[in-house]
Amino acid sequence: MSAIALDYLPRLPSDAGQKVGIGCIGAGFIMADCHLVAYRQAGFNPVAISSRDPERAKAVAKRHDIAKTYASYSELLDDPQVEVVDIAVPPDIQREVVREVVKHKQIRGVLAQKPLGVNYAQAKEIVALCRDAGITLAVNQNMRFDQSIRGCKSLLERDVLGEPVLATIDMRAIPHWMPWQQRQGWVTLRIMSIHHLDTFRYLFGDPERIYASVRPDPRTTFPHEDGICLYILEYANGFRAASWDDVWAGPAKEGAAADIGIRWRVEGTIGMAHGTIGWPSYPERTPSTLDYTTSHGPDAGRWISPRWDEVWFPDAFVGPMAELLLALEEHREPSIGGEDNLKTMALVDAAYLSAAEHRAVTLDEILDDA
């Protein structure tokens, strides 16, 4: 099986779907350097942008050839050209933005950043707001669109690996934390681990329970508990998934040599796959990788190593918006829809509860309590 045969790229909307007017709320790094770069590559149509810093909005608009800038998102939402809203603001501001969005009848779709609000309860409220307004909500769980993760999904769907037995993610990376995280008092589980938890759900479905253990990251000076996070997901059929999310990664910033990277591995009954995630090397373009082997078929007994030029940051950011535009075009719920994302948010909350109470927590405990 070649890289061409793997289904590792997102499906794009029709020409008409690509012309839908997108209003961008927020002009920070994730919008300026990821979303808008990817949207222009794909031929999408961002028509307006707003920011708390009007000068930043103007600079980003000029860089990406966006016709209109607004000093507030309220003004942007009044623009009749804006049919889809891309919300890239801190999670504790998302709910108030969505409350304003749903008042505008021309808005048909929303792409919201992860995490969807600050916890499961807020996420549930945001989902209800959009549902009641008839607005299609998608959540930007963009690791699902990393090329190696989608390639692995393709292998699983084609039964190249057999029944999954064990999956692991080993992250040793030093993120650039956002200033707003200090006022939240949390770090890794809601910002980094949420990618891995959602990816496990994407690849293998929903677990029954999670056991998490956390400790502070020595480098991060503001008060927090979830710096370094270790967790195990237990599935009803015996499958297990685990991740080591280490944002300390050794004293690499304090004078020691660095060993930075993200590695994943999936073992099945007839094959296995492993790969790397290229994100820690950003802004250097480092494509994620995938290697797999199987005991069945003409390729049995050897490693297959498809490779590609696309990278997670920014190329994979085409995927979430493409999926939202397709959902609008096909009158369906997005695969990254708000309703589905509630289980990812619940899994994050379950991880916090597990770490606090030193016990395994079922997904249903969070879903039933809300």
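A few comments on the model shown:
- Residue in the range 340-352 that is in the same structural domain as VAL214 (by TED's automatic domain parsing), free of Cβ contacts under 8 Å to residues at least 40 places away in the same chain and in contact with a strand residue (DSSP E or B) (Cβ under 9 Å, 6 or more places away or on another chain) present: no
- For THR344, the stated conditions do not hold, so it cannot be described as farther than 22 Å from LEU116 by Cα and in contact with a Lys or Arg (Cβ under 9 Å, 6 or more places away or on another chain).
- Note on the range 207-220: among residues that are over 21 Å from ARG265 (Cβ atoms) and of a type outside the set (Lys, Arg), the one that is surrounded by the fewest Cβ atoms within 10 Å (Cβ to Cβ) is PRO218.
- Scanning the range 121-138 for residues that are assigned to a helix (DSSP H, G or I) and crowded, with 22+ Cβ neighbours inside 10 Å yields ALA123, ILE126, VAL127, CYS130.
- Unique match (being out of contact with any strand residue (DSSP E or B) (no Cβ under 9 Å at 6 or more places or on another chain), over 17 Å from ASP170 (Cβ atoms) and crowded, with 16+ Cβ neighbours inside 10 Å) among TYR235, TYR202: TYR202
- Scope the range 40-57; condition within 19 Å of ASP315 (Cα to Cα) and crowded, with 24+ Cβ neighbours inside 10 Å; matching residues: PHE44, PRO46
- Among strands (runs of 3 or more DSSP E) entirely within the range 23-120, having at least 2 residues that are closer than 23 Å to MET143 by Cβ and of a type in the set (D, E, K, R) singles out no element at all.
- Residues of the range 249-265 classified as surrounded by 18 or more Cβ atoms within 10 Å (Cβ to Cβ) and either more than 21 Å from the chain's Cα centre (by Cα) or over 29 Å from PRO216 (Cβ atoms) (or both), total: 1
- Yes/no for ARG183 being assigned to a helix (DSSP H, G or I) and within 26 Å of ASP259 (Cα to Cα): no
- Unique match (being touching a residue at least 24 places away in the same chain (Cβ under 8 Å), touching a strand residue (DSSP E or B) at 6+ places or on another chain (Cβ under 8 Å), closer than 28 Å to GLU339 by Cβ and not acidic (Asp, Glu)) among GLY28, GLY23, GLY117: GLY23
- Only a single item in (1) farther than 27 Å from ILE93 by Cβ; (2) touching a residue at least 60 places away in the same chain (Cβ under 8 Å) is not met by GLY43, and it is number (2).
- Residue count, the range 199-217 (criterion: within 19 Å of TYR352 (Cα to Cα) and not in a strand (DSSP E or B)): 8
- Qualifying residue in the range 245-258 (condition: assigned to a strand (DSSP E or B) and among the aromatic types (Phe, Trp, Tyr)): no
- Residue that is surrounded by the fewest Cβ atoms within 10 Å (Cβ to Cβ) [pool: residues in the range 266-282 that are touching a residue at least 24 places away in the same chain (Cβ under 8 Å) and farther than 15 Å from GLY162 by Cβ]: TYR282
- Only one of the numbered conditions (1) of a type in the set (Gly, Ala, Ser); (2) at pLDDT 95 or above; (3) out of contact with any Pro (no Cβ under 7 Å at 6 or more places or on another chain) is violated by ALA38, and that is (3).
- Of the residues making up the range 140-158, just one is among the acidic types (Asp, Glu) and either modelled with pLDDT under 95 or not in a loop (DSSP other than H, G, I, E, B) (or both), namely GLU157.
- Residue under evaluation GLU96, criteria (1) surrounded by fewer than 22 Cβ atoms within 10 Å (Cβ to Cβ); (2) out of contact with any strand residue (DSSP E or B) (no Cβ under 9 Å at 6 or more places or on another chain); (3) in contact (Cβ under 8 Å) with a residue 12 or more places away in the chain, criterion not met: (3)
- Applying the criterion of being acidic (Asp, Glu) and either more than 17 Å from the chain's Cα centre (by Cα) or not in a helix (DSSP H, G or I) (or both) to the residues of the range 301-356, the residue that is surrounded by the most Cβ atoms within 10 Å (Cβ to Cβ) is GLU310.
The values are calculated or read from the model by the stated rules, or taken from the named source; none is laboratory data. Values in this document were obtained by computation on a predicted structure and should not be read as measured data. Glycine also receives a Cβ, built like all others from the backbone with ideal geometry; neighbour counts cover every protein chain displayed.
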